[in-house]
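Okay, so here's the structure we're looking at.
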Amino acid sequence: MSLDPRSFRKTLGCFASGVTVVTTLTLDTRGPVGVTVSAFSSLSLDPPMVLFCLGNSTSSMEAFKAFGHFAINILSEHQRDLSIRFASRSEDKWQGVARTEWTSGVPILTGCLASLECSLVKVIDGGDHQIFIGKVEKLKHQEGGSPLVYFRGSYMDPAASHLSDVV
């Protein structure tokens, strides 16, 4: 049976996901790199590990493979503009973006619900994507707040409670 790619994509869109911006540095200039990613997951509690996926055509792929560290920045409902900015191919996506750095120097975006700094453990081929596995070295999270959520091809409006009718 052959799957229609459009139907497959629409079906997967039924799974609501949080939105992250994954960051690293270029190996040569140590310039900041960032990309919006919804394909993120916890992997292991012991040792603490996470994974994210990047499409093979992602322009910053080599930076993520080469630097050896990355950060997962879990966006809050108020950071939709950051998600859109880092999903673009714009050259100036870092202009005016508030950030800090921790141990490895990778950019940690301020105001996120949570951030995790990771050392790269392995990259695995996943068809038209690469799967990046990292060991969490440092983390922080906010108390309270709501995540930015992506569902059926758009951002969910946090004020619209689609789940309130569920008993």
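The values are calculated or read from the model by the stated rules, or taken from the named source; none is laboratory data. Since the model is a prediction, treat every value here as computed from it, not as a measurement. Note that each Cβ is placed from the backbone with ideal geometry, even for glycine, and that neighbours are counted across all protein chains shown. All accessible areas refer to the heavy atoms of the entire protein, side chains included, with ligands and DNA or RNA removed. Shrake-Rupley method; radii C 1.70, N 1.55, O 1.52, S 1.80 Å.
Assorted remarks:
- Helix-only [θ]222 nm of the chain, DSSP H runs n ≥ 4, -39500 (n - 2.57) each, per residue, nearest 500: -3500 deg cm²/dmol
- Relative contact order of the chain, defined on C-alpha pairs under 8 angstrom at six or more residues apart (%): 27 percent
- Largest-first ordering by accessible area, 1.4 Å probe, given options Asp125, Asp157: Asp125, Asp157
- Loop-located GluC sites (Glu not before Pro) in the stretch 24-117 whose Cβ has at most 15 other Cβ within 10 Å (DSSP): Glu91
- Each residue of the stretch 86-101 was assigned a 3J(HN,Hα) from its phi angle through the Karplus expression (A = 6.51, B = -1.76, C = 1.60, θ = phi - 60°), giving 7, 7, 7, 9, 4, 7, 10, 5, 8, 4, x, 7, 6, 8, 9, 9 Hz with x at Gly and Pro.
- In terms of accessible area, using a 1.4 Å probe and ignoring ligands and nucleic acids, Asp128, Asp92, Asp46 rank largest first as Asp46, Asp128, Asp92.
- Residue with peak Gaussian network fluctuation, the chain [Cα springs, cutoff 10 Å], from Pro48, Pro32, Pro107: Pro48
- Relative contact order of the stretch 60-123, taken over Cα pairs closer than 8 Å and 6 or more residues apart, is 48 percent.
- Take the Cβ atoms of Thr11 and Ile84, set R0 to 22 Å, and the FRET efficiency comes out at 0.35.
- Heavy-atom accessible area ranking, 1.4 Å probe, most first, across Leu120, Leu75: Leu120, Leu75
- Projecting label points 7 angstrom from Cα along Cα→Cβ for His129 and Arg152 puts them 2.1 nm apart.
- In the assembled protein chains, Lys138 presents an accessible area of approximately 90 Å² (probe radius 1.4 Å).
- Coupling constants for the stretch 103-120 follow from the phi torsions by the Karplus curve (6.51 cos²θ - 1.76 cosθ + 1.60, θ = phi - 60°), and in residue order they are 4, 7, x, 5, x, 10, 6, 7, x, 6, 5, 7, 9, 10, 9, 10, 9, 6 Hz; glycine and proline get x.
- Rolling a 1.4 Å probe over the protein chains gives Ile74 an accessible area of about 40 Å².
- Segment Glu91..Asp28, full-extension length gain: 20.9 nm, with 0.36 nm per residue of separation and the alpha-carbon distance subtracted.
- Heavy atoms of Ile72: accessible area, 1.4 Å probe, square angstrom to 10: 0 Å²
- Here the mean projected area of the convex hull built on the C-alpha positions of the chain is 12.0 nm².
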